[in-house]
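Got a structure for you, written out below as structure tokens; questions coming shortly.
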Amino acid sequence: VVAGHLFIVIASLVRIAEAAETNEAQRGWLLVSLTWGLLLFTKNEATILMSPLIVLLVIAILVHQHGRGLRMQYSIMTPICIFALLSLPWMLFKWKHGMTFGNAKSVSGNDIYFDLIAFKSIVWQITHEANFLLLPFVLLLTIVRRGKACLALPDALIIGFFLGIAILQIGIFNFVGALHNEAILQTGLNRGFLQITPLAVWWVARATERRV
């Protein structure tokens, strides 16, 4: 569920970045606001990990569109209202009833320290398990082949979000004491990687198609 909603959000942002007209971008903003608002209902990591990075992507797109001379400031007001109507009631409900925003745990009051066993477990998952053997190699190879194009929109949106979430996930499971056991048992991190894997596969397919 998370992967599906997240994929639509990022794909819609890519469509906006590639849009040549305000009307075309407007449809993308509407889809972003709807799926992003619903994304917050799926898992807590959608709120505390993914949403901040999505905000950065939105800012990058607005700056990019402004540089291209598209007047986007009026076209995003309706999507903002849709996102607020979907997300704010749920956020207020959680705060009112003392529901946590962590992974079945509160995000506050955690001990922060590095755990070598958790680190070794994460390295093993990435380098030895069949789930992650092919994609990282293909992804890095495609990034090298694309070169500077990865730093420009829309490629930067997909690559930046994927790497940002991956780095945050690895850092959290390495340094947050309450999650060390999940890293050792190879549960939470695997799920986090699988949520963003469709984005990497999609980008590799896009990049390969353009190069061919």
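The values are calculated or read from the model by the stated rules, or taken from the named source; none is laboratory data. Source: prediction; values computed, not measured. Here Cβ is always computed from backbone atoms with ideal geometry, including for glycine, and neighbour counts include all displayed protein chains. SASA here: full protein model, heavy atoms, side chains in, ligands and nucleic acids out. Shrake-Rupley method; radii C 1.70, N 1.55, O 1.52, S 1.80 Å.
Keeping all protein chains in the complex and leaving out DNA, RNA and ligands, what accessible area do you get for Ile126 with a 1.4 Å probe, in Å² to the nearest 10?
50
If you don't mind, another one. Loop by DSSP (not H, G, I, E, B), at most 11 other beta-carbon atoms within 10 Å: where is the longest site-free stretch of the chain for chymotrypsin sites (Phe, Trp or Tyr not before Pro)?
115-212
Could I ask something else about it? With every protein chain left in place and a probe of 1.4 Å, what is the accessible surface of Asp115, to the nearest 10 Å²?
Counting only protein heavy atoms, Asp115 exposes about 30 Å² to solvent.
Using only the alpha-carbon atoms of segment 145-198, report the extent along each of the three principal axes, biggest first, to the nearest angstrom.
Here the Cα extents, ordered largest to smallest, are 39, 20, 16 Å.
For the chain, calculate the relative contact order in percent as a whole number, restricting contacts to Cα pairs under 8 Å that are 6 or more residues apart.
Contact order relative to length: 26 percent.
Okay, next question. Using a 1.4 angstrom probe on the protein heavy atoms only, could you order Ile59, Ile82 from most to least accessible area?
My answer, sorted largest first, is Ile59, Ile82.
Scanning the chain for GluC sites (Glu not before Pro) in DSSP loops with at most 14 other Cβ atoms within 10 Å, what's the longest stretch left with none?
22-128
With a 1.4 Å probe and every protein chain left in place, tell me how much accessible area Thr42 has, in Å² to the nearest 10.
So the heavy atoms of Thr42 present about 40 Å² to solvent.
While we're looking at this one, here's another question. Taking the chain as a Gaussian network, where each spring joins two C-alpha atoms under 10 Å apart, which residue of Ser121, Ser33, Ser87 fluctuates the most?
Judging by the Gaussian network model, the answer is Ser121.
Where a Cα-Cα gap under 18 Å defines reach, which aspartates and glutamates qualify for Lys120, not counting those fewer than 8 residues away within the same chain?
Straight-distance partners of Lys120: Glu129, Glu182.
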